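Encoded as structure tokens, the structure appears first; notes follow it.
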Amino acid sequence: MRLKVEFTTEPFDLEEAPHHAVVAREAVQNAGLDAVDVGPFGNTAEGAADEVLAAVHRVLSRSLEAGATRVSLQVNVVQDAPEGAS
């Protein structure tokens, strides 16, 4: 099974990324997931279910420890890529 996670951390700072947002982005970027996309208002990543769930755990624990007061996330099941497709 493949999953896609979308998440944001709060509070927002429009001048520069808060420490909790940087920590969350690093957690997902270093998770070895496919199709990671980080942005100023949200982040997405996709990969195998076990890897995505482990990354979600890291994002939650690390961003809350770094000062996030809210983490909003959504996890969706995505269709597996057909065999031979890259």
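The values are calculated or read from the model by the stated rules, or taken from the named source; none is laboratory data. None of these values were measured; they are calculated from a predicted model. Because the Cβ atoms are built from the backbone with ideal geometry, glycine has one as well, and the counts that use them run over all protein chains shown. Quick note on the areas: whole protein, heavy atoms, side chains included, nothing else; ligands and nucleic acids left out. Shrake-Rupley method; radii C 1.70, N 1.55, O 1.52, S 1.80 Å.
Taking only protein heavy atoms into account and a 1.4 Å probe, give the accessible area per residue of the chain in Å².
64 Å²
Please give the FRET efficiency for E65 paired with E16, using the beta carbon to beta carbon distance and R0 = 25 Å, rounded to the nearest 0.05.
Step by step, r from the Cβ atoms, then E = 0.80.
How high is the relative contact order of the chain, in percent, with contacts defined as C-alpha pairs under 8 Å that are six or more residues apart? Write out the running numbers ahead of the final one.
Details: 146 pairs, mean separation 39.8, N = 86.
This gives 46 percent for the chain.
Exactly which chymotrypsin sites (Phe, Trp or Tyr not before Pro) in the chain are in a DSSP loop and have at most 14 other Cβ atoms within 10 Å?
Details: sites: F7, F12, F41; in loops: F12, F41.
Sites meeting the loop and neighbour criteria: F12, F41.
In debye, nearest 20: dipole of the stretch 31-79 around its Cα centre with unit charges on the Cβ of K, R (+) and D, E (-)?
Around 260 debye, computed over the stretch 31-79.
Expressed in nm to one decimal, what extension gain is obtained for the pair N76 and A54 from 0.36 nm per residue of sequence separation less their Cα-Cα distance?
Working it through step by step, the gained length comes to 6.4 nm.
Select from A45, A68, A17 the residue whose mean-square fluctuation is largest in a Gaussian network model of the chain (Cα-Cα springs shorter than 10 Å).
Residue with maximal mean-square fluctuation among A45, A68, A17: A17.
Leaving ligands, DNA and RNA out of it, report the carbon-plus-sulfur percent of the accessible area of the chain at a 1.4 Å probe. It would help to have the intermediate numbers written out before the result.
Numbers: 2670 of 5490 Å².
C and S atoms contribute 49 percent here.
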